[in-house]
Amino acid sequence: MSSPPLASPAPARRALSGPALIGLVAAVIVAVALPVFTSGYVVYIANLLLVFVVLCLGLHIVIGETGQFSMAHAAFYGIGIYASALANRAVDLPYPVAMLFGALVAGAVGLFIGALALRMRDIYLALATFAFGEAMQWVFANWDSVTNGPNGLRISPARFGPIEILSDKQAYPFVLFFCLVIIGLTVAISRSRLGRSFRAVRESEVAAMAMGIDVRRARIVSFGLSAAIAGFAGGMFGLFQTFIHPDSLGFQTTILVLTMVVVGGLGSIAGAIGGAIVFGLISEVLRQAPQYQEIIYGAILILFMMYAPRGLFAFIGDRIREARHGR
Amino acid sequence: MADLLEIDGISASYGRIQALSEVSLKVPEGAIVALLGSNGAGKSTTLNTVSRLVPVTKGRIRFAGEEIQSWASHKVVSAGVLQVPEGREVFRDMSVRENLDMGAYRRSDAAGIKRDLDRVFEYFPKLQERLQQKAGTLSGGEQQMLLIGRALMAGPRLLLLDEPSLGLSPVLVQQIFAIIERLNKDGLTILLVEQNAAIALGCSTYAYILENGEMALEGASAQLRQDDSVRRTYLGG
């Protein structure tokens with residue numbers, strides 16, 4: 001019926017067990033110790049990767065869990081960046097309030113788009129959300145009185161009571177904390193009744209309806225949650241960035257996040273996190289050779305589709321299992 | 001006995017194509033009623049109007065005394081009307097256990113869910129053996145068992161069975177129908193859609209025959225089995 005044609009998703013229940021959990025703990029230890037040992041540039045990259053982790057978790061909710069194509073993730077991210085930056089500038093409240101405002105605005109737009117897209121499936125849904133993403137980028141670039149249009153918008157420093165955040169190292173603990181909160185939230189959603197209804201919709205809308213799941217509601221809510229998390233990522237961006245330009249909120253960003261989720265392993269939370277970090281690092285390295293960047297992204301995506309359609313981590317897991325069984 | 005389900009003159013259409021016109025039928029509490037007819041006669045559409053997957057353009061549907069023709073599908077499930085869709089609509093990437101859990105999606109009575117799970121294992125011991133296996137890797141017969149088991153997990157009062165014999169070997173069809181009769185003996189009311197008229201008339205007490213979206217014939221199953229036109233058209237002799 002309307003199963004995602006990209007790859008068969010991994011079961012979500014196994015998402016955070018055994019080796020994945022050990023890996024996660026190790027990663028958290030490294031993450032916490034990071035700013036002590038490294039330079040400002042490395043911490044900046046770490047901040048950026050953590051934002052991508054949150055973006056990927058948002059996309060995971062709608063594509064990985066619910067099996068619905070959303071090609072407008074950069075737009076929701078952008079709404080979150082602008083909304084939280086403008087809220088932060090307008091009122092003198094602790095920055096998390098501005099972040100929540102950004103997530104709420106993005107989430108509300110996501111609910112609206114989800115409701116509009118109810119009748120669409122697969123490629124039509126992908127195209128419609130793509131069109132919305134393009135339209136939003138146009139809004140960012142042309143709504144001068146609010147977004148400052150093509151000149152981009154200065155983001156004033158985030159404030160937590162008396163603390164004002166002026167450097168990447170200062171921002172890092174907050175970015176890490178918010179990222180962990182969203183990881184916890186995503187795991188909780190996935191294990192909840194709501195998460196079960198998402199996966200039921202992904203696997204068979206007919207069967208989901210026969211089991212008494214309100215499929216329309218599940219689809220709309222998954223769009224809303226996905227967009228709210230992307231908007232929250234936008235607020236995290238404002239913690240350490242001082243400037244946003246509409247050029248960075250286009251289709252390339254959506255494709256980048258989609259690639260991360262697919263490369264990590266569609267349908268798995270650990271895959272979404274790992275994909276964001278691994279592919280985020282790759283894309284940072286590729287910055288040295290920008291003229292080849294797009295080609296290499298494309299090649300990586302094609303190779304994964306061909307040889308590891310269930311994602312990097314499932315691929316490594318399979319190889320380890322094969323080695324153990326002496327094949 | 002009182003009628004648990006009463007369909008009263010319903011019509012339904014897909015776009016401009018009229019699929020059902022003024023169809024009426026009754027399912028008394030505790031009975032197995034069969035709905036027969038050839039491919040495309042409107043049997044599945046009739047079930048889909050009851051489970052509210054297809055809207056009715058005319059007529060009434062009453063379940064346990066309440067008019068349900070304008071309800072949302074999930075509300076109908078909560079009321080105890082469970083459809084077993086045709087075509088092996090299991091959650092393929094979920095385990096057998098997760099599929100059964102999905103059946104209890106609208107329930108929160110842990111003790112009742114546990115009791116119904118044990119009941120499902122009594123009817124289908126095979127499912128208990130394959131609890132951790134992915135549903136997509138089960139055989140056709142096992143998938144059909146899982147579909148019925150999953151519906152039982154919702155605690156149904158009325159089961160809408162859509163072509164349970166489809167694509168199964170004669171031996172498996174016998175097994176599935178033995179279980180359907182056992183479920184009925186244990187108190188479950190069943191509306192059964194089948195193309196296999198012989199076996200459906202064998203296990204039901206009353207039957208309706210649809211032709212081109214209209215009710216062509218109805219009667220006690222034992223009588224229809226003797227009816228010449230029914231024998232010629234649906235029983236192959």
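Quick notes on this one:
- Peptide A:197-209 has a mean shielding of 6, counted as Cβ atoms of other protein chains within 10 Å of each residue's Cβ.
- Within the listed set A:54, A:109, A:32, the Gaussian network model of chain A (springs between alpha-carbon atoms below 10 Å) gives the highest mean-square fluctuation for A:32.
- Here each label is just a point 7 Å from Cα along the line to Cβ, and for residue A:21 and residue A:151 those points are 5.4 nm apart.
- Across the range A:175-184, rounded Karplus estimates of 3J(HN,Hα) from the backbone phi angles (6.51 cos²θ - 1.76 cosθ + 1.60, θ = phi - 60°) give 4, 4, 4, 5, 4, 5, 4, 5, 4, x Hz, Gly and Pro being marked x.
- The mean number of Cβ atoms from other chains found within 10 Å of a Cβ in peptide B:50-60 is 1, as a whole number.
- For residue B:211, nonlocal amide neighbours, meaning residues 5 or more places apart or on other chains whose placed amide H falls under 5 Å from its own, are B:216.
- Here the 3J(HN,Hα) profile of the range B:100-107, calculated from phi with Karplus coefficients 6.51, -1.76 and 1.60 at θ = phi - 60°, is 5, 4, 4, x, 8, 3, 8, 10 Hz, Gly and Pro shown as x.
- Partners of residue B:134 within straight-line reach, counting aspartates and glutamates whose Cα lies under 16 Å from its Cα and excluding those fewer than 8 residues away in the same chain: A:203, B:89, B:93, B:98, B:101, B:142.
- By the helix-only formula, in which each DSSP H run with n ≥ 4 contributes -39500 (n - 2.57) and the sum is divided by residues, chain B has a 222 nm mean residue ellipticity of -11000 deg cm²/dmol.
- Three-way shape call for the protein assembly as shown based on the alpha-carbon gyration tensor, with the a/c threshold at 1.5: prolate
- In the range B:13-85, GluC sites (Glu not before Pro) in a DSSP loop with at most 14 other beta-carbon atoms within 10 Å: B:29
- Calculated on C-alpha atoms, the gyration radius of the range A:30-250 divided by its Kirkwood radius gives an Rg/Rh of 1.00.
- Computed label-point distance, nm, for sites residue A:284 and residue B:60 using a 7 Å Cα→Cβ extension: 6.9 nm
- Taking the longest Cα principal axis of chain B as reference, the axis of helix B:140-152 is set at about 90 degrees.
- With a simple spin-label model that places each label point 7 Å from the Cα along the Cα-to-Cβ direction, the separation between residue A:192 and residue B:231 comes to 6.2 nm.
The numbers here are math on the coordinates, done by the rules we state, and not lab data. For clarity, every value in this text was computed on a predicted model and none was experimentally measured. Virtual Cβ from ideal backbone geometry, glycine too; neighbours counted across all protein chains shown.
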